[in-house]
Amino acid sequence: MTALLDVRDLSVRFAMPRPSLFAPRPHLEAVRQVSFTLERGEALGIVGESGSGKTTTAMAAIRLVNAAGGQVLFDGEDLLGLDEKAMRARRRDIQLIFQDPYSSLDPRARVADIVREPMDLMQIGTPAERRRRVGELFELVGLRPDQMNLFPHQFSGGQRQRISIARALATHPRLVVCDEPVSALDVAIQAQILNLLARLKAELGLSYLFISHDLGVVWHVCDHVAVMYLGQIVESGPRDALFETPQHPYTQALLAAAPSLARRKSRGYVRPVKVSGDPAGPIGQRTGCPFAGRCPRVRDLCRDTAPALTRQGPTDVACHFPGPPD
Amino acid sequence: MKQPTAETAPAAAGDPATAQRVESPAREAWRMFSRNVPALLGVFLLALVLLATLYGKLFYGGDPFEIVWAPYEPPLTTPSVPLGTDYLGRDIVAGLLTGGAPTLTVGASAALITMVIGISLGSLAGYYGGWVDNLLMRITEFFQVLPALLFAMVLVTLFSPSLWTIAIAIGVVSWPQTARLTRAEFLRIKELEYVTAARAIGARNRRIIWKVILPNAAPPLIVSATLTIGVAVLFEAGLSFLGLGDPNVMSWGLMIGANRDYMLDAWWPVTFPGLAIFVTVFAVSLIGDGLNDALNPKLRGR
Amino acid sequence: MTPLLEIDNLRVTFDTRHGMVTALDSVSLHLNAGETLGVVGESGCGKSITALSVMGLIPQPPGRIAGGSIRLNGEDLVGAEPARLRSLRGSDVAMIFQEPMTSLNPVLRCGDQIAEAVMLHQNVDSARASRLAVELLDRVGIPAPAQRARDYPHQLSGGMRQRVMIAMAVSCRPKVLVADEPTTALDVTVQAQIFDLLNEIQRDVGAAILLITHDMGAISEMADRVAVMYAGRVVEQGKADDVLDHAEHPYTRGLIDCIPALGRRDDTLREIPGVVPPLHLLGDGCAFASRCAHADRRCLAQKPVLTKWRHHPVACHAVEEGRI
């Protein structure tokens with residue numbers, strides 16, 4: 001049986017302004033030949049820092065950003081090859097939850113209309129059925145029916161995120177792309193939304209493509225995890241293996257950097273892996289490993305030759321010198 | 001820096017427990033507007049001007065072109081011509097009451113033309129970007145650098161002065177501002193996530209432009225439309241003053257234009273229509289400012 | 001020993017369209033020389049207002065310090081002359097803001113901004129101030145500091161900008177450094193660098209840090225002591241280890257248990273239901289009562305007072321009565 005989503009060599013390039021009139025137009029390689037698969041009923045987490053291309057990857061996979069190359073097989077059918085009309089029809093299977101609960105809902109529409117809109121657009125059911133479905137969705141995500149006629153600004157951040165989830169579920173999608181769905185929320189509210197997402201996944205058999213910069217959140221929600229750095233996947237694998245025995249120095253650095261209750265100032269903690277500097281910009285040509293500039297383990301080989309993503313132990317790693325931290 | 005009041009504001013605005021009152025953004029804007037005293041004064045003044053223009057003739061008859069008294073009769077001297085007469089002996093009150101309609105009609109139609117051209121081109125440029133944007137913005141700039149008054153004068157002299165040609169001329173020279181404003185709003189809003197959300201549920205471009213972005217871009221456009229009416233009224237008056245108005249229709253501008261040579265001998269034939277124009281434009285500006293305050297969410301809660 | 005900074009019974013009110021609300025109520029905190037006090041809570045709990053009060057930056061109106069005192073080295077900052085506050089700001093108390101992009105002046109070179117801060121409070125000429133600025137940039141770990149000093153803020157990355165902010169803040173060796181969510185806008189690897197840098201600077205300069213954060217992980221890595229705030233009041237206070245390991249207040253427990261921590265194997269996270277109530281709707285009882293599983297009639301009727309219990313001070317009737 002084919003995977004629900006099979007992304008092969010996906011690339012995205014953005015054209016930049018020319019530096020001078022006759023110079024060739026430079027391109028920003030936001031996503032470089034990224035491949036991953038997502039099985040039915042599972043959640044794949046894509047983690048990375050800003051500029052890693054994690055959101056662009058997901059948006060290109062569902063054709064909200066134009067891809068420069070590659071294939072996106074959804075249920076065996078290449079989404080990148082569909083015409084506009086066929087893609088619009090496909091959208092009922094693929095939905096999206098956004099990061100910012102304040103800008104993802106049209107401030108001038110009542111929330112019941114927001115949740116109903118996907119069904120209106122795709123002409124699913126009769127108007128009465130749609131209204132009933134809105135009621136079901138409100139209950140499903142934990143909103144009260146008497147809140148249906150309110151406007152988005154009358155809700156708190158967590159409740160708006162529930163509305164966003166209800167809208168995404170309106171068309172019974174099979175794949176839900178979650179783009180940092182809790183990073184704009186307070187911790188206490190975060191837990192409410194994460195629990196809701198976990199419950200919906202189990203009850204409705206949803207598959208998530210889950211974008212986040214927060215390792216703890218990804219740990220909690222995802223079955224598989226891919227770590228991205230400057231447009232490439234540097235390590236991917238099952239959750240436990242990736243978090244417990246990370247092989248790539250960048251994954252190790254991310255884990256060491258995540259604030260943790262286990263590290264106490266009183267006990268004078270020392271980070272096991274430290275990286276210096278910020279990620280370089282993704283513009284221009286690059287030879288060698290994307291992480292070479294910040295890697296504690298860097299050697300000459302890393303600057304000249306880009307490592308390929310290969311199975312090394314429990315995870316797939318793109319590193320010439322993988323292994324546990326020194 | 002985080003605004004210190006921001007800590008209290010979201011809780012106050014989004015409290016779910018008390019948010020039982022269904023208040024739409026438009027309703028909330030109206031509530032803000034209705035508490036704004038200068039804006040209400042503007043509404044009152046404009047209503048007064050409109051009522052006088054529409055129904056004034058029912059109570060105060062008389063042809064504004066008819067010579068009814070001796071020329072240069074000062075105001076408040078003769079009961080049958082309360083505000084005096086002009087250089088030909090025509091009744092100024094009759095002129096004021098009749099002259100409002102063409103001035104306001106031209107103002108409103110010119111504003112309408114401005115909005116239609118400006119919003120259409122601005123939204124296309126802002127939404128599609130790329131070469132569409134480039135082309136439309138170059139056209140906009142071309143119109144923007146034309147000296148507006150001269151261009152309007154040329155248009156009016158080419159196509160014989162009538163109310164319609166004047167309205168079109170004003171519309172054609174004043175749309176670029178609206179186009180730029182619309183484009184800027186579209187550029188901002190199209191990056192917001194609810195627009196991506198609309199695309200993700202398969203909405204077409206036309207729907208996104210009209211149903212999603214435009215309503216959210218409306219507040220500054222409404223304000224700008226209001227202010228455009230004021231500008232258009234002034235423009236019409238200016239053209240008439242220069243003798244380019246329709247000579248067969250009495251308007252405030254025409255009254256000023258016809259009497260301008262005798263201004264030093266008799267102040268009243270130009271002052272009263274001037275005051276009428278001033279009050280109209282002032283009222284419209286007050287309303288525009290009030291709408292701006294009411295529709296601009298950043299000012300809410302003050 | 002008297003503490004370096006002592007906030008006593010501070011009450012701050014704001015005029016809003018819902019009438020007057022109390023943003024801070026009976027807040028008492030103290031900060032000893034060379035230590036880090038973490039103030040933690042959700043948005044709307046008053047932690048940023050606390051930071052701004054210490055800086056004397058509460059906008060008045062609509063804000064008003066309605067009572068209490070803030071003493072720095074024994075000198076009361078509440079009611080101090082604006083000129084005196086200005087001279088203290090930057091020299092004795094300095095602040096690091098959340099958003100380094102908007103808190104640096106975009107049209108001034110980074111080096112010049114630091115030099116300007118130095119010249120405001122120290123009697124040095126501009127050449128010496130510029131040299132000091134480069135030294136400071138070097139001190140906060142900016143590579144090639146002499147070149148970076150000539151850069152404008154937009155030419156630097158977010159992490160570098162925050163380092164520039166820190167350099168500026170420590171330029172006059174302040175006694176108190178107020179850091180308001182200093183890493184919220186940064187990536188996690190950069191956040192770790194900034195945490196390590198702040199700890200290092202504290203060891204070198206001996207500054208006391210008032211760290212405002214929503215992140216219990218940051219508290220664990222940075223703070224010696226912690227104050228948990230909710231709806232404008234301190235609900236629990238104590239040594240960081242003590243509070244993290246023996247949290248008493250249901251809110252503190254909730255904040256710790258709702259973190260999706262790495263390695264935690266529970267399927268569902270502990271939730272704190274509901275949201276922080278808006279300040280204008282606070283009644284007579286405990287502000288947390290509506291979200292608390294242990295609330296009873298007394299909690300709804302009477303505000304609990306911060307009193308020392310088992311390990312450290314807690315403001316909770318249920319803890320006091322031994323119901324938890």
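Summary table below
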read-out: The range B:192-206 residues that are within 7 Å of chain A (Cβ to nearest Cβ), paired with ones that are of a type in the set (Asp, Glu) and not in a helix (DSSP H, G or I) (beta carbon under 7 Å, 6 or more apart); value: B:Glu193/A:Asp100; B:Tyr194/A:Asp106
read-out: Failed criterion for A:Arg130 (all others in (1) under 22 Å from A:Leu204 (Cα atoms); (2) in contact (Cβ under 8 Å) with a residue 24 or more places away in the chain; (3) part of a helix (DSSP H, G or I) hold); value: (2)
read-out: Residue count, the range A:14-58 (criterion: within 14 Å of another protein chain (Cβ to nearest Cβ), part of a strand (DSSP E or B) and either of a type in the set (Lys, Arg) or under 30 Å from A:Pro173 (Cα atoms) (or both)); value: 4
read-out: So C:Gly274, is it surrounded by fewer than 24 Cβ atoms within 10 Å (Cβ to Cβ) and at positive phi; value: yes
read-out: Residue under evaluation B:Met250, criteria (1) crowded, with 21+ Cβ neighbours inside 10 Å; (2) assigned to a helix (DSSP H, G or I), criterion not met; value: (2)
read-out: Residue in the range C:71-84 that is touching a strand residue (DSSP E or B) at 6+ places or on another chain (Cβ under 9 Å), exposed (fewer than 15 other Cβ atoms within 10 Å of the Cβ) and in a helix (DSSP H, G or I) present; value: yes
read-out: Strands (runs of 3 or more DSSP E) enclosed by the range C:192-270 - at least 3 residues per element that are crowded, with 23+ Cβ neighbours inside 10 Å, among the acidic types (Asp, Glu) and facing chain A (nearest Cβ under 7 Å); value: none
read-out: Count of the range C:147-178 residues which are of a type in the set (A, V, I, L, M, F, W, C), in contact (Cβ under 8 Å) with a residue 60 or more places away in the chain and within 14 Å of chain A (Cβ to nearest Cβ); value: 1
read-out: Filter result for C:Arg109 (more than 14 Å from chain A (Cβ to nearest Cβ), exposed (fewer than 15 other Cβ atoms within 10 Å of the Cβ) and under 30 Å from C:Met160 (Cα atoms)); value: no
read-out: Any hit, the range A:64-78, residues being crowded, with 16+ Cβ neighbours inside 10 Å and either touching a Pro at 6+ places or on another chain (Cβ under 8 Å) or part of a helix (DSSP H, G or I) (or both); value: no
read-out: Count of the range C:271-282 residues which are within 9 Å of another protein chain (Cβ to nearest Cβ), part of a loop (DSSP other than H, G, I, E, B) and either in contact (Cβ under 8 Å) with a residue 40 or more places away in the chain or hydrophobic (A, V, I, L, M, F, W, C) (or both); value: 5
read-out: Residue check for C:Leu300: away from chain A (no Cβ under 14 Å), of a type in the set (A, V, I, L, M) and outside any loop (DSSP other than H, G, I, E, B); value: yes
read-out: Checking C:Thr183 against (1) within 29 Å of C:His30 (Cα to Cα); (2) among the β-branched types (Val, Ile, Thr); (3) part of a helix (DSSP H, G or I), the condition it does not meet; value: (3)
read-out: Wholly enclosed strands (runs of 3 or more DSSP E) of the range C:5-46 bearing at least 3 residues under 22 Å from C:Val78 (Cα atoms) and away from chain A (no Cβ under 14 Å); value: C:5-16, C:19-31
read-out: Residues satisfying the stated conditions in the range A:208-232, i.e. surrounded by fewer than 23 Cβ atoms within 10 Å (Cβ to Cβ) and either away from chain C (no Cβ under 13 Å) or more than 21 Å from A:Ala184 (Cα to Cα) (or both); value: A:Asp223, A:His224
read-out: The range B:158-213, subset of a type in the set (Asp, Glu) and assigned to a helix (DSSP H, G or I), residue farthest from the chain's Cα centre (by Cα); value: B:Glu193
read-out: A:Leu105 being within 9 Å of another protein chain (Cβ to nearest Cβ), surrounded by 19 or more Cβ atoms within 10 Å (Cβ to Cβ) and in a loop (DSSP other than H, G, I, E, B); value: yes
read-out: Residues that are in a helix (DSSP H, G or I) and surrounded by 20 or more Cβ atoms within 10 Å (Cβ to Cβ), drawn from the range C:146-157; value: C:Arg148, C:Pro153
read-out: Identity of the residue in the range A:233-255, in a helix (DSSP H, G or I) and touching a residue at least 60 places away in the same chain (Cβ under 8 Å), that ends up nearest to the other protein chains (Cβ to nearest Cβ); value: A:Leu254
read-out: Candidate set: the range C:86-102, residues that are closer than 28 Å to C:Asn73 by Cα and polar (S, T, N, Q); chosen: the one nearest to the other protein chains (Cβ to nearest Cβ); value: C:Gln98
read-out: Boolean, C:Asp180 is at pLDDT below 85 and crowded, with 22+ Cβ neighbours inside 10 Å; value: no
read-out: Out of B:Gly274, B:Gly243, sole residue that is at pLDDT 85 or above and more than 21 Å from B:Gly122 (Cβ to Cβ); value: B:Gly274
read-out: Residues (among the charged types (D, E, K, R), at the interface with another protein chain (Cβ under 9 Å from one of its Cβ atoms) and in a helix (DSSP H, G or I)) located in the range A:85-100; value: A:Arg88, A:Arg90, A:Arg91, A:Arg92
read-out: Filter result (of a type in the set (Val, Ile, Thr), more than 11 Å from chain B (Cβ to nearest Cβ) and outside any helix (DSSP H, G or I)) within the range A:134-182; value: A:Val141, A:Val182
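Residues checked against (1) aliphatic (A, V, I, L, M); (2) free of Cβ contacts under 8 Å to residues at least 24 places away in the same chain:
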| position | (1), (2) |
| --- | --- |
| B:Gly62 | no, no |
| B:Pro71 | no, yes |
| B:Val81 | yes, yes |
| B:Gly84 | no, no |
| B:Ala94 | yes, no |
| B:Pro102 | no, no |
| B:Gly107 | no, no |
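Residues are listed down the side, and each one gets a yes or a no for (1) in the same structural domain as C:Leu29 (by TED's automatic domain parsing); (2) out of contact with any helix residue (DSSP H, G or I) (no Cβ under 6 Å at 6 or more places or on another chain); (3) within 24 Å of C:Ala185 (Cβ to Cβ):
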{"site": "C:Leu77", "(1), (2), (3)": "yes, yes, no"}
{"site": "C:Ala83", "(1), (2), (3)": "yes, yes, no"}
{"site": "C:Met119", "(1), (2), (3)": "no, no, no"}
{"site": "C:Val124", "(1), (2), (3)": "no, yes, no"}
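The values are calculated or read from the model by the stated rules, or taken from the named source; none is laboratory data. Every value quoted in this text rests on a predicted model; they were computed, and no experiment measured them. Cβ atoms come from the backbone with ideal geometry, glycine included; neighbour counts cover every protein chain shown.
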